[in-house]
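The values are calculated or read from the model by the stated rules, or taken from the named source; none is laboratory data. All of these numbers come straight from a predicted model, not from anything done at the bench. Neighbour counts run over all protein chains shown; Cβ positions are idealised from the backbone, glycine included.
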Amino acid sequence: MDEKRSLILKAYELLDRNTPLKTDCGRLCGSLCCKGDSKTGMWLFPGEEFFFEELSGFTVLNCDGNFGYKEVVCKGVCDRKARPLACRLYPFFPVVSSGCFDARADIRGIGSCPLLYKNIKPDKKFLTQIRKTGRLFSRNDELKQYIINVNCLLDDIVNLAERTAYYE
């Protein structure tokens with residue numbers, strides 16, 4: 001197995017039993033993050049599509065916005081052990097910067113996730129596992145660059161929102 005896939009499997013294990021809250025956070029929003037449609041997918045990390053190509057209930061698609069990587073669309077219900085990293089991390093994302101590892105809120109979830117729009121504090125163990133995922137992925141140049149690219153995008157979204165609010 002190649003290095004990326006091995007690291008992704010380790011990240012799956014890190015995040016398998018950890019969720020943003022100690023209870024099912026889907027109860028807060030009616031599981032909005034699992035109610036996509038045939039055009040609403042979760043971005044896949046580099047190499048992650050391998051785990052979904054033959055898995056029933058998921059469709060792997062090309063994605064215009066994911067830095068050349070694919071996305072996966074589900075039917076709204078899945079085996080939690082088969083979730084992509086984007087679902088396991090949601091609504092947070094790892095940050096790898098200057099040798100420091102952290103977790104940040106993923107601004108793309110602000111309209112759907114009460115953890116973000118109600119500012120609910122996530123479980124500390126969950127955030128620790130996200131930091132560990134960032135540390136793990138920093139071992140592979142492509143995974144590390146992907147995290148950097150997504151963080152730049154998240155920064156751009158935040159900056160745009162702040163500039164837009166300034167002009168209102």
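Let's see how each residue does on (1) over 20 Å from Arg27 (Cβ atoms); (2) at pLDDT 90 or above; (3) in contact with a Pro (Cβ under 7 Å, 6 or more places away or on another chain); (4) of a type in the set (D, E, K, R):
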residue: Gly76; (1), (2), (3), (4): no, no, no, no
residue: Asp79; (1), (2), (3), (4): no, no, no, yes
residue: Val95; (1), (2), (3), (4): yes, yes, no, no
residue: Gly99; (1), (2), (3), (4): yes, no, no, no
residue: Ala103; (1), (2), (3), (4): yes, yes, yes, no
residue: Ile107; (1), (2), (3), (4): yes, yes, no, no
residue: Ile110; (1), (2), (3), (4): no, no, no, no
residue: Cys113; (1), (2), (3), (4): no, no, yes, no
Tell me yes or no: at least one residue of segment 64-72 is of a type in the set (A, V, I, L, M), in contact with a strand residue (DSSP E or B) (Cβ under 8 Å, 6 or more places away or on another chain), buried (at least 17 other Cβ atoms within 10 Å of the Cβ) and farther than 24 Å from Arg139 by Cα. yes
Considering segment 36-94, residues that are hydroxyl-bearing (Ser, Thr, Tyr) and in contact (Cβ under 8 Å) with a residue 24 or more places away in the chain, and then whichever is nearest to Lys132 (Cα to Cα), we arrive at Tyr90
Those residues that are of a type in the set (A, V, I, L, M), in a loop (DSSP other than H, G, I, E, B) and surrounded by fewer than 17 Cβ atoms within 10 Å (Cβ to Cβ), I need them from segment 17-56; list them, please. Leu21, Leu55
Scan segment 123-145 and give yes if some residue there is in contact with a Gly (Cβ under 7 Å, 6 or more places away or on another chain), surrounded by 15 or more Cβ atoms within 10 Å (Cβ to Cβ) and closer than 23 Å to Val72 by Cα, otherwise no. no
If you take the residues in segment 154-164 that are among the hydrophobic types (A, V, I, L, M, F, W, C) and either over 13 Å from the mean Cα position of the chain (by Cα) or surrounded by fewer than 14 Cβ atoms within 10 Å (Cβ to Cβ) (or both), which one is modelled with the lowest pLDDT? Ala161
Which of (1) over 23 Å from Asn18 (Cβ atoms); (2) exposed (fewer than 14 other Cβ atoms within 10 Å of the Cβ) does Lys81 not meet, given it meets every other one? (1)
